[in-house]
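Take a look at the structure below.
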Amino acid sequence: MTIGVGGSDPEHELQQLETMTQGLQPIGAQEYRQRQVAATTAMKAQGVRALFINAGVNLNYFTGLKWSPSERMVGALLMDSGDLVYIAPHFEWDTLKEFMQVSAPIAGWHEHESPYELVTGLLNDHGIAAGKVAVDPSVPLFLYDGLKLAGAKLDWINGAALFQSLRARKSDSELALMQCAKSMTLEVHKAAARILRPGITTTEVVAFIDKAHRKVGAPGGSSFCIVLFGLATSFPHGVKEPQVLQEGDWVLIDTGCIVEGYHSDITRSYCFGEPNERQRLAWEAEKAAQLAAFDAAQPGRPCESADYAAREVLCSYGFGPDYRLPGLPHRTGHGCGMEIHEGPYLVRGETQPLAPGMVFSNEPMLVLPGEFGVRLEDHFYLTEAGPRWFTEPAYSIDDPFGYRRG
(Lines give C-alpha, C1' and ligand atoms only; values in the text may rest on other atoms or scores of the structure.)
Protein backbone atom coordinates (compact mmCIF):
# COMPACT_ATOMS: atom_id res chain seq x y z
CA MET A 1 0.00 0.00 0.00
CA THR A 2 1.21 3.52 -0.83
CA ILE A 3 2.60 5.15 2.32
CA GLY A 4 0.20 7.65 3.86
CA VAL A 5 -2.82 6.41 1.91
CA GLY A 6 -5.62 4.71 3.84
CA GLY A 7 -5.68 3.40 7.39
CA SER A 8 -7.76 6.10 9.07
CA ASP A 9 -11.29 7.52 9.09
CA PRO A 10 -12.87 10.97 8.66
CA GLU A 11 -13.81 11.45 12.30
CA HIS A 12 -10.30 10.79 13.58
CA GLU A 13 -8.67 12.99 10.94
CA LEU A 14 -10.99 15.93 11.59
CA GLN A 15 -10.23 15.67 15.31
CA GLN A 16 -6.50 15.92 14.58
CA LEU A 17 -6.74 19.05 12.43
CA GLU A 18 -6.33 22.47 14.03
CA THR A 19 -6.66 26.03 12.77
CA MET A 20 -3.54 27.31 11.02
CA THR A 21 -4.44 30.99 10.72
CA GLN A 22 -3.32 32.27 14.12
CA GLY A 23 -1.58 35.64 13.90
CA LEU A 24 -2.40 36.06 10.23
CA GLN A 25 -2.63 39.70 9.14
CA PRO A 26 -5.09 40.71 6.40
CA ILE A 27 -4.14 43.38 3.88
CA GLY A 28 -4.44 46.79 5.55
CA ALA A 29 -5.45 50.29 4.44
CA GLN A 30 -1.82 51.36 4.02
CA GLU A 31 -1.17 48.67 1.42
CA TYR A 32 -4.34 49.56 -0.47
CA ARG A 33 -3.11 53.14 -0.69
CA GLN A 34 0.29 51.92 -1.86
CA ARG A 35 -1.46 49.98 -4.64
CA GLN A 36 -3.28 53.13 -5.70
CA VAL A 37 0.01 55.05 -5.82
CA ALA A 38 1.56 52.28 -7.94
CA ALA A 39 -1.45 52.46 -10.25
CA THR A 40 -1.19 56.22 -10.74
CA THR A 41 2.54 55.91 -11.45
CA ALA A 42 1.85 53.29 -14.13
CA MET A 43 -1.01 55.36 -15.54
CA LYS A 44 1.19 58.42 -15.99
CA ALA A 45 3.88 56.34 -17.67
CA GLN A 46 1.32 55.03 -20.15
CA GLY A 47 -0.62 58.23 -20.70
CA VAL A 48 -3.76 56.93 -18.99
CA ARG A 49 -5.85 59.64 -17.32
CA ALA A 50 -8.11 57.41 -15.22
CA LEU A 51 -9.00 53.83 -14.28
CA PHE A 52 -12.55 52.58 -14.09
CA ILE A 53 -12.45 49.82 -11.46
CA ASN A 54 -15.46 47.52 -11.42
CA ALA A 55 -17.03 45.78 -8.44
CA GLY A 56 -15.35 42.44 -7.84
CA VAL A 57 -11.74 41.36 -7.50
CA ASN A 58 -10.12 44.55 -8.81
CA LEU A 59 -12.18 46.86 -6.60
CA ASN A 60 -11.19 44.65 -3.67
CA TYR A 61 -7.53 44.68 -4.73
CA PHE A 62 -7.20 48.45 -5.00
CA THR A 63 -9.51 49.58 -2.17
CA GLY A 64 -10.32 46.59 0.05
CA LEU A 65 -14.02 47.04 -0.73
CA LYS A 66 -15.68 43.65 -1.23
CA TRP A 67 -18.68 44.02 -3.51
CA SER A 68 -20.11 41.54 -5.99
CA PRO A 69 -20.82 42.89 -9.50
CA SER A 70 -24.44 43.03 -10.69
CA GLU A 71 -26.59 44.83 -13.25
CA ARG A 72 -26.18 48.06 -11.23
CA MET A 73 -22.89 49.91 -11.54
CA VAL A 74 -20.73 49.83 -8.43
CA GLY A 75 -17.07 50.63 -8.69
CA ALA A 76 -14.52 53.42 -8.46
CA LEU A 77 -12.65 55.92 -10.56
CA LEU A 78 -8.96 56.40 -9.88
CA MET A 79 -7.59 59.56 -11.52
CA ASP A 80 -3.99 60.08 -12.57
CA SER A 81 -3.90 62.76 -9.87
CA GLY A 82 -4.42 60.03 -7.27
CA ASP A 83 -7.98 61.08 -6.49
CA LEU A 84 -10.34 58.17 -5.82
CA VAL A 85 -14.13 58.34 -6.11
CA TYR A 86 -16.50 55.46 -5.39
CA ILE A 87 -19.58 55.04 -7.58
CA ALA A 88 -22.76 53.39 -6.30
CA PRO A 89 -26.54 53.77 -6.34
CA HIS A 90 -27.71 56.20 -3.65
CA PHE A 91 -29.61 53.48 -1.81
CA GLU A 92 -26.41 51.44 -1.38
CA TRP A 93 -24.34 54.21 0.22
CA ASP A 94 -24.80 53.18 3.84
CA THR A 95 -23.96 49.55 3.09
CA LEU A 96 -20.95 50.54 1.01
CA LYS A 97 -19.61 52.68 3.85
CA GLU A 98 -19.75 49.66 6.18
CA PHE A 99 -17.48 47.68 3.84
CA MET A 100 -15.16 50.57 2.96
CA GLN A 101 -11.50 50.08 3.94
CA VAL A 102 -10.11 53.24 2.32
CA SER A 103 -12.15 56.39 2.76
CA ALA A 104 -13.02 58.41 -0.33
CA PRO A 105 -16.02 60.37 -1.64
CA ILE A 106 -19.01 58.47 -3.04
CA ALA A 107 -20.82 59.64 -6.17
CA GLY A 108 -24.36 58.34 -6.47
CA TRP A 109 -27.12 57.87 -8.99
CA HIS A 110 -30.82 57.19 -8.60
CA GLU A 111 -32.59 54.41 -10.47
CA HIS A 112 -33.97 56.72 -13.17
CA GLU A 113 -30.58 58.35 -13.80
CA SER A 114 -27.65 57.22 -15.95
CA PRO A 115 -24.56 55.99 -14.10
CA TYR A 116 -22.63 56.40 -17.35
CA GLU A 117 -23.37 60.11 -17.46
CA LEU A 118 -22.34 60.24 -13.81
CA VAL A 119 -18.93 58.74 -14.63
CA THR A 120 -18.38 61.12 -17.53
CA GLY A 121 -19.33 64.05 -15.32
CA LEU A 122 -16.90 62.97 -12.61
CA LEU A 123 -14.09 62.74 -15.15
CA ASN A 124 -14.91 66.22 -16.45
CA ASP A 125 -14.94 67.55 -12.88
CA HIS A 126 -11.37 66.27 -12.53
CA GLY A 127 -10.27 67.89 -15.78
CA ILE A 128 -10.48 64.71 -17.84
CA ALA A 129 -12.61 65.57 -20.88
CA ALA A 130 -10.41 63.65 -23.32
CA GLY A 131 -7.65 61.06 -23.28
CA LYS A 132 -7.37 57.43 -22.26
CA VAL A 133 -9.53 55.82 -19.59
CA ALA A 134 -8.51 52.23 -18.85
CA VAL A 135 -11.50 49.99 -18.18
CA ASP A 136 -11.42 47.06 -15.80
CA PRO A 137 -11.30 43.94 -18.05
CA SER A 138 -13.98 42.28 -15.93
CA VAL A 139 -16.72 44.75 -16.88
CA PRO A 140 -19.65 43.26 -18.82
CA LEU A 141 -20.30 44.44 -22.36
CA PHE A 142 -23.43 46.44 -21.44
CA LEU A 143 -21.42 48.51 -18.96
CA TYR A 144 -18.58 49.16 -21.40
CA ASP A 145 -21.03 50.19 -24.11
CA GLY A 146 -22.77 52.57 -21.72
CA LEU A 147 -19.50 54.25 -20.76
CA LYS A 148 -18.36 54.55 -24.35
CA LEU A 149 -21.64 56.10 -25.51
CA ALA A 150 -21.80 58.56 -22.64
CA GLY A 151 -18.15 59.59 -22.96
CA ALA A 152 -17.74 59.66 -26.72
CA LYS A 153 -14.82 62.11 -26.54
CA LEU A 154 -12.85 59.82 -24.26
CA ASP A 155 -10.67 56.92 -25.40
CA TRP A 156 -11.98 53.92 -23.44
CA ILE A 157 -9.25 51.28 -23.59
CA ASN A 158 -8.98 47.72 -22.32
CA GLY A 159 -7.11 47.92 -19.05
CA ALA A 160 -6.23 44.22 -18.90
CA ALA A 161 -2.49 44.67 -19.40
CA LEU A 162 -2.32 47.55 -16.93
CA PHE A 163 -4.32 45.75 -14.25
CA GLN A 164 -2.27 42.56 -14.71
CA SER A 165 1.03 44.42 -14.46
CA LEU A 166 -0.05 45.89 -11.13
CA ARG A 167 -1.39 42.66 -9.64
CA ALA A 168 1.16 40.15 -10.96
CA ARG A 169 3.95 40.94 -8.52
CA LYS A 170 2.80 40.08 -5.01
CA SER A 171 3.84 41.92 -1.87
CA ASP A 172 5.28 40.20 1.18
CA SER A 173 1.84 40.48 2.82
CA GLU A 174 0.19 38.74 -0.12
CA LEU A 175 2.82 36.01 -0.18
CA ALA A 176 2.28 35.38 3.53
CA LEU A 177 -1.47 34.94 3.03
CA MET A 178 -0.89 32.59 0.10
CA GLN A 179 1.68 30.62 2.08
CA CYS A 180 -0.86 30.08 4.82
CA ALA A 181 -3.59 28.99 2.39
CA LYS A 182 -1.30 26.55 0.57
CA SER A 183 0.10 25.08 3.78
CA MET A 184 -3.46 24.52 4.96
CA THR A 185 -4.46 22.73 1.76
CA LEU A 186 -1.42 20.46 1.86
CA GLU A 187 -2.40 19.32 5.35
CA VAL A 188 -5.93 18.69 4.11
CA HIS A 189 -4.48 16.60 1.26
CA LYS A 190 -2.59 14.44 3.72
CA ALA A 191 -5.72 13.91 5.81
CA ALA A 192 -7.82 13.11 2.73
CA ALA A 193 -5.32 10.47 1.60
CA ARG A 194 -5.48 8.78 5.00
CA ILE A 195 -9.29 8.37 4.97
CA LEU A 196 -9.36 6.46 1.66
CA ARG A 197 -10.77 2.92 1.79
CA PRO A 198 -12.37 0.49 -0.66
CA GLY A 199 -15.95 1.56 -1.27
CA ILE A 200 -15.55 5.24 -0.42
CA THR A 201 -17.06 7.54 -3.03
CA THR A 202 -15.60 10.66 -4.57
CA THR A 203 -18.51 12.67 -3.15
CA GLU A 204 -17.66 11.48 0.37
CA VAL A 205 -14.07 12.61 -0.08
CA VAL A 206 -15.18 15.98 -1.43
CA ALA A 207 -17.40 16.48 1.63
CA PHE A 208 -14.55 15.54 3.97
CA ILE A 209 -12.13 17.93 2.26
CA ASP A 210 -14.59 20.79 2.69
CA LYS A 211 -14.93 20.05 6.41
CA ALA A 212 -11.16 19.71 6.74
CA HIS A 213 -10.54 23.08 5.10
CA ARG A 214 -12.95 24.66 7.57
CA LYS A 215 -11.19 22.94 10.47
CA VAL A 216 -7.77 24.33 9.51
CA GLY A 217 -9.15 27.86 9.24
CA ALA A 218 -10.80 28.47 5.86
CA PRO A 219 -14.25 29.90 6.74
CA GLY A 220 -15.66 29.10 3.30
CA GLY A 221 -14.36 25.54 3.25
CA SER A 222 -13.06 24.34 -0.10
CA SER A 223 -13.10 26.98 -2.81
CA PHE A 224 -13.22 24.04 -5.25
CA CYS A 225 -12.56 20.32 -5.11
CA ILE A 226 -11.95 17.66 -7.77
CA VAL A 227 -11.69 14.04 -6.60
CA LEU A 228 -11.24 11.34 -9.25
CA PHE A 229 -10.61 7.60 -9.19
CA GLY A 230 -9.41 5.22 -11.89
CA LEU A 231 -10.10 6.07 -15.52
CA ALA A 232 -11.72 9.37 -14.50
CA THR A 233 -8.28 10.72 -13.58
CA SER A 234 -7.49 10.95 -17.30
CA PHE A 235 -10.05 13.77 -17.59
CA PRO A 236 -8.25 16.92 -16.35
CA HIS A 237 -11.33 18.50 -14.77
CA GLY A 238 -13.31 15.39 -14.00
CA VAL A 239 -16.34 13.51 -15.22
CA LYS A 240 -20.08 13.73 -14.70
CA GLU A 241 -20.63 10.75 -12.42
CA PRO A 242 -19.00 10.03 -9.03
CA GLN A 243 -16.76 7.00 -8.64
CA VAL A 244 -16.33 4.33 -5.99
CA LEU A 245 -12.78 3.52 -4.88
CA GLN A 246 -11.45 0.03 -5.51
CA GLU A 247 -8.17 -1.63 -4.61
CA GLY A 248 -5.48 -0.64 -7.12
CA ASP A 249 -7.30 2.49 -8.33
CA TRP A 250 -5.37 5.56 -9.36
CA VAL A 251 -6.38 8.67 -7.37
CA LEU A 252 -6.26 12.35 -8.32
CA ILE A 253 -7.30 15.09 -5.86
CA ASP A 254 -7.16 18.78 -6.79
CA THR A 255 -8.43 21.28 -4.23
CA GLY A 256 -7.90 24.64 -2.58
CA CYS A 257 -9.27 27.25 -0.22
CA ILE A 258 -9.30 31.03 0.25
CA VAL A 259 -7.57 32.87 3.09
CA GLU A 260 -8.26 36.62 3.36
CA GLY A 261 -9.05 36.70 -0.36
CA TYR A 262 -6.03 34.64 -1.54
CA HIS A 263 -6.17 31.18 -3.09
CA SER A 264 -4.48 27.84 -2.69
CA ASP A 265 -4.57 25.17 -5.40
CA ILE A 266 -2.72 21.86 -4.94
CA THR A 267 -3.04 18.50 -6.71
CA ARG A 268 -1.75 15.07 -5.75
CA SER A 269 -1.86 11.81 -7.71
CA TYR A 270 -1.07 8.36 -6.30
CA CYS A 271 -2.20 4.76 -6.24
CA PHE A 272 -4.57 3.23 -3.72
CA GLY A 273 -2.53 0.06 -3.47
CA GLU A 274 0.57 -0.97 -5.37
CA PRO A 275 1.31 1.06 -8.53
CA ASN A 276 2.10 -0.85 -11.71
CA GLU A 277 5.04 -0.14 -14.00
CA ARG A 278 3.01 2.05 -16.37
CA GLN A 279 1.89 4.22 -13.45
CA ARG A 280 5.43 4.41 -12.12
CA LEU A 281 6.79 5.60 -15.46
CA ALA A 282 4.09 8.24 -15.86
CA TRP A 283 4.47 9.49 -12.28
CA GLU A 284 8.25 9.82 -12.66
CA ALA A 285 7.80 11.66 -15.97
CA GLU A 286 5.33 14.07 -14.34
CA LYS A 287 7.64 14.63 -11.38
CA ALA A 288 10.59 15.35 -13.70
CA ALA A 289 8.52 17.70 -15.86
CA GLN A 290 7.35 19.67 -12.82
CA LEU A 291 10.93 20.05 -11.59
CA ALA A 292 12.14 21.11 -15.05
CA ALA A 293 9.47 23.81 -15.23
CA PHE A 294 10.49 25.04 -11.78
CA ASP A 295 14.19 25.16 -12.68
CA ALA A 296 13.44 27.03 -15.92
CA ALA A 297 11.42 29.73 -14.16
CA GLN A 298 14.25 32.17 -13.60
CA PRO A 299 13.88 35.97 -13.30
CA GLY A 300 14.23 37.70 -16.65
CA ARG A 301 13.35 34.65 -18.71
CA PRO A 302 10.01 34.60 -20.56
CA CYS A 303 7.11 32.86 -18.85
CA GLU A 304 6.93 30.37 -21.72
CA SER A 305 10.34 28.97 -20.75
CA ALA A 306 8.74 26.81 -18.05
CA ASP A 307 6.23 25.34 -20.49
CA TYR A 308 8.93 24.47 -23.02
CA ALA A 309 11.05 22.83 -20.31
CA ALA A 310 8.19 20.64 -19.05
CA ARG A 311 7.27 19.44 -22.55
CA GLU A 312 10.89 18.66 -23.40
CA VAL A 313 11.11 16.34 -20.40
CA LEU A 314 7.83 14.61 -21.21
CA CYS A 315 9.07 14.04 -24.77
CA SER A 316 12.19 12.38 -23.40
CA TYR A 317 9.87 9.87 -21.67
CA GLY A 318 8.03 9.18 -24.93
CA PHE A 319 5.02 11.46 -24.37
CA GLY A 320 3.76 14.25 -26.62
CA PRO A 321 5.16 16.18 -28.39
CA ASP A 322 3.39 19.51 -27.99
CA TYR A 323 -0.26 18.92 -26.98
CA ARG A 324 -0.43 15.43 -28.46
CA LEU A 325 -1.75 12.66 -26.21
CA PRO A 326 -0.60 10.77 -24.29
CA GLY A 327 1.06 13.94 -23.05
CA LEU A 328 0.37 17.39 -21.67
CA PRO A 329 -2.91 18.80 -23.07
CA HIS A 330 -2.88 22.24 -21.43
CA ARG A 331 -0.53 25.00 -20.23
CA THR A 332 2.06 24.17 -17.59
CA GLY A 333 0.85 26.75 -15.09
CA HIS A 334 -1.17 29.84 -14.27
CA GLY A 335 -0.75 32.91 -12.15
CA CYS A 336 -2.57 32.83 -8.83
CA GLY A 337 -3.54 35.33 -6.17
CA MET A 338 -6.93 36.89 -5.53
CA GLU A 339 -8.13 34.84 -8.49
CA ILE A 340 -7.28 31.19 -8.72
CA HIS A 341 -6.41 31.62 -12.40
CA GLU A 342 -4.89 34.97 -13.33
CA GLY A 343 -2.21 36.20 -15.69
CA PRO A 344 0.48 35.84 -16.65
CA TYR A 345 0.57 32.15 -17.62
CA LEU A 346 3.26 29.53 -18.09
CA VAL A 347 2.38 28.74 -21.67
CA ARG A 348 3.95 28.93 -25.10
CA GLY A 349 3.62 32.43 -26.53
CA GLU A 350 3.68 34.18 -23.13
CA THR A 351 6.83 36.26 -23.52
CA GLN A 352 6.41 38.46 -20.46
CA PRO A 353 9.60 38.23 -18.40
CA LEU A 354 9.42 36.44 -15.09
CA ALA A 355 9.94 38.84 -12.19
CA PRO A 356 10.27 38.68 -8.40
CA GLY A 357 6.91 38.53 -6.66
CA MET A 358 5.14 36.60 -9.41
CA VAL A 359 3.27 33.48 -8.31
CA PHE A 360 2.49 30.45 -10.48
CA SER A 361 1.02 27.00 -10.32
CA ASN A 362 3.28 24.29 -11.71
CA GLU A 363 1.14 21.44 -13.06
CA PRO A 364 2.26 19.90 -16.36
CA MET A 365 -0.44 17.21 -16.22
CA LEU A 366 0.24 13.98 -18.04
CA VAL A 367 -2.89 12.47 -19.63
CA LEU A 368 -2.98 8.88 -20.87
CA PRO A 369 -6.38 8.53 -22.58
CA GLY A 370 -8.24 5.37 -21.67
CA GLU A 371 -5.85 4.72 -18.76
CA PHE A 372 -5.28 7.43 -16.14
CA GLY A 373 -3.85 10.90 -15.58
CA VAL A 374 -1.10 12.25 -13.36
CA ARG A 375 -1.15 15.82 -12.08
CA LEU A 376 1.31 17.02 -9.47
CA GLU A 377 0.55 20.65 -8.71
CA ASP A 378 2.36 22.97 -6.37
CA HIS A 379 2.86 26.72 -6.54
CA PHE A 380 6.04 28.75 -6.48
CA TYR A 381 6.92 32.42 -6.28
CA LEU A 382 9.83 34.27 -7.83
CA THR A 383 12.60 35.87 -5.81
CA GLU A 384 15.67 37.76 -7.03
CA ALA A 385 17.58 34.50 -6.63
CA GLY A 386 15.04 32.33 -8.47
CA PRO A 387 11.87 30.34 -7.79
CA ARG A 388 10.82 29.08 -4.36
CA TRP A 389 8.14 26.52 -3.55
CA PHE A 390 5.25 27.39 -1.27
CA THR A 391 4.74 23.68 -0.57
CA GLU A 392 7.09 20.75 -0.87
CA PRO A 393 6.31 18.77 -4.04
CA ALA A 394 5.24 15.14 -3.91
CA TYR A 395 8.18 13.01 -2.81
CA SER A 396 7.77 9.67 -4.58
CA ILE A 397 5.06 7.44 -5.99
CA ASP A 398 5.38 5.06 -3.04
CA ASP A 399 5.60 7.86 -0.46
CA PRO A 400 3.87 10.90 -2.02
CA PHE A 401 3.86 12.99 1.17
CA GLY A 402 7.42 12.12 2.14
CA TYR A 403 6.75 10.46 5.49
CA ARG A 404 9.77 8.17 5.19
CA ARG A 405 12.24 10.25 3.23
CA GLY A 406 15.74 9.78 4.48
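The values are calculated or read from the model by the stated rules, or taken from the named source; none is laboratory data. Quick caveat: nothing in here was measured; it's all calculated off a predicted structure. Every residue, glycine among them, receives a Cβ derived from its backbone with ideal geometry; neighbour counts consider all protein chains shown. Only protein heavy atoms, including side chains, enter the accessible area calculation; ligands, DNA and RNA are left aside. Shrake-Rupley method; radii C 1.70, N 1.55, O 1.52, S 1.80 Å.
Condition (residue is within 20 Å of residue 169 (Cβ to Cβ) and among the small types (Gly, Ala, Ser)) applied to segment 59-67: is it met by at least one residue? Yes, segment 59-67 contains at least one residue that is within 20 Å of residue 169 (Cβ to Cβ) and among the small types (Gly, Ala, Ser). Restricting segment 304-321 to residues that are open to solvent by less than 60 Å² (accessible area, probe 1.4 Å) and among the acidic types (Asp, Glu), which is farthest from residue 294 (Cα to Cα)? Step by step, filter segment 304-321, then rank; the result is 304. Within segment 388-400, restricting attention to residues that are open to solvent by 20 Å² or more (accessible area, probe 1.4 Å) and not acidic (Asp, Glu), the residue that is farthest from residue 337 (Cα to Cα) is 396. Taking helices (runs of 4 or more DSSP H) as the structural unit, those lying wholly within segment 1-105 and holding at least 3 residues that are of a type outside the set (S, T, N, Q) and either touching a His at 6+ places or on another chain (Cβ under 7 Å) or under 19 Å from residue 133 (Cβ atoms) (or both) correspond to 29-46, 57-63.
Restricting to segment 303-316, and then to whatever is of a type outside the set (D, E, K, R) and in contact with a Leu (Cβ under 7 Å, 6 or more places away or on another chain), can you tell me which residue is nearest to residue 231 (Cα to Cα)? Filtering first and then ranking leaves 314.
Tell me, which helices (runs of 4 or more DSSP H) lie completely within segment 123-238 with 3 or more residues that are in contact (Cβ under 8 Å) with a residue 24 or more places away in the chain, within 21 Å of the chain's Cα centre (by Cα) and under 30 Å from residue 17 (Cα atoms)?
Values: elements: 141-150, 160-167, 172-194, 202-216.
Result: 172-194, 202-216.
For residue 90, the conditions (1) of a type outside the set (Gly, Ala, Ser); (2) within 16 Å of residue 74 (Cα to Cα); (3) surrounded by 15 or more Cβ atoms within 10 Å (Cβ to Cβ) are fulfilled apart from (3).
Restricting the search to segment 208-224, which residues are touching a strand residue (DSSP E or B) at 6+ places or on another chain (Cβ under 9 Å) and under 13 Å from residue 255 (Cβ atoms)? Spell out the reasoning first.
Pass one, segment 208-224, residues touching a strand residue (DSSP E or B) at 6+ places or on another chain (Cβ under 9 Å): 209-210, 213, 217-220, 222-224.
Hits for segment 208-224 are 209, 210, 213, 218, 220, 222, 223, 224.
Considering the conditions (1) in a strand (DSSP E or B); (2) in contact with a Cys (Cβ under 7 Å, 6 or more places away or on another chain), residue 254 is excluded by exactly one of them, (2). Can you work out which of the residues in segment 127-149 that are over 21 Å from residue 47 (Cα atoms) and not β-branched (Val, Ile, Thr) is most open to solvent (accessible area, probe 1.4 Å)? It comes out as 149. Exactly one residue out of 201, 233, 185, 255 is modelled with pLDDT of 95 or more, under 20 Å from residue 273 (Cα atoms), buried (at least 22 other Cβ atoms within 10 Å of the Cβ) and not acidic (Asp, Glu): that is 233. Kindly indicate whether any position in segment 74-82 is of a type in the set (Gly, Ala, Ser) and open to solvent by 20 Å² or more (accessible area, probe 1.4 Å). For segment 74-82, residues of a type in the set (Gly, Ala, Ser) and open to solvent by 20 Å² or more (accessible area, probe 1.4 Å): present. Only one of the listed residues (378, 398) is out of contact with any strand residue (DSSP E or B) (no Cβ under 8 Å at 6 or more places or on another chain), modelled with pLDDT of 95 or more and of a type in the set (Asp, Glu). That residue is 398. Residues in segment 264-278 that are in contact with a His (Cβ under 8 Å, 6 or more places away or on another chain) and in a strand (DSSP E or B): 2 in all.
The residues in segment 206-225 that are open to solvent by less than 20 Å² (accessible area, probe 1.4 Å), under 27 Å from residue 335 (Cα atoms) and among the hydrophobic types (A, V, I, L, M, F, W, C) can be counted, and the count is 4. For segment 15-27, the set of residues classified as touching a residue at least 40 places away in the same chain (Cβ under 8 Å) and over 26 Å from the mean Cα position of the chain (by Cα) consists of 16 only.
Do you know which residues across segment 260-283 are under 12 Å from the mean Cα position of the chain (by Cα) and crowded, with 24+ Cβ neighbours inside 10 Å? Correct list: 262, 263, 264, 266.
Among the conditions (1) of a type in the set (D, E, K, R); (2) under 26 Å from residue 323 (Cα atoms); (3) in contact with a helix residue (DSSP H, G or I) (Cβ under 8 Å, 6 or more places away or on another chain); (4) surrounded by fewer than 22 Cβ atoms within 10 Å (Cβ to Cβ), residue 240 misses just one, which is (3). Residues in segment 94-105 that are over 11 Å from residue 65 (Cβ atoms) and surrounded by 14 or more Cβ atoms within 10 Å (Cβ to Cβ): none.
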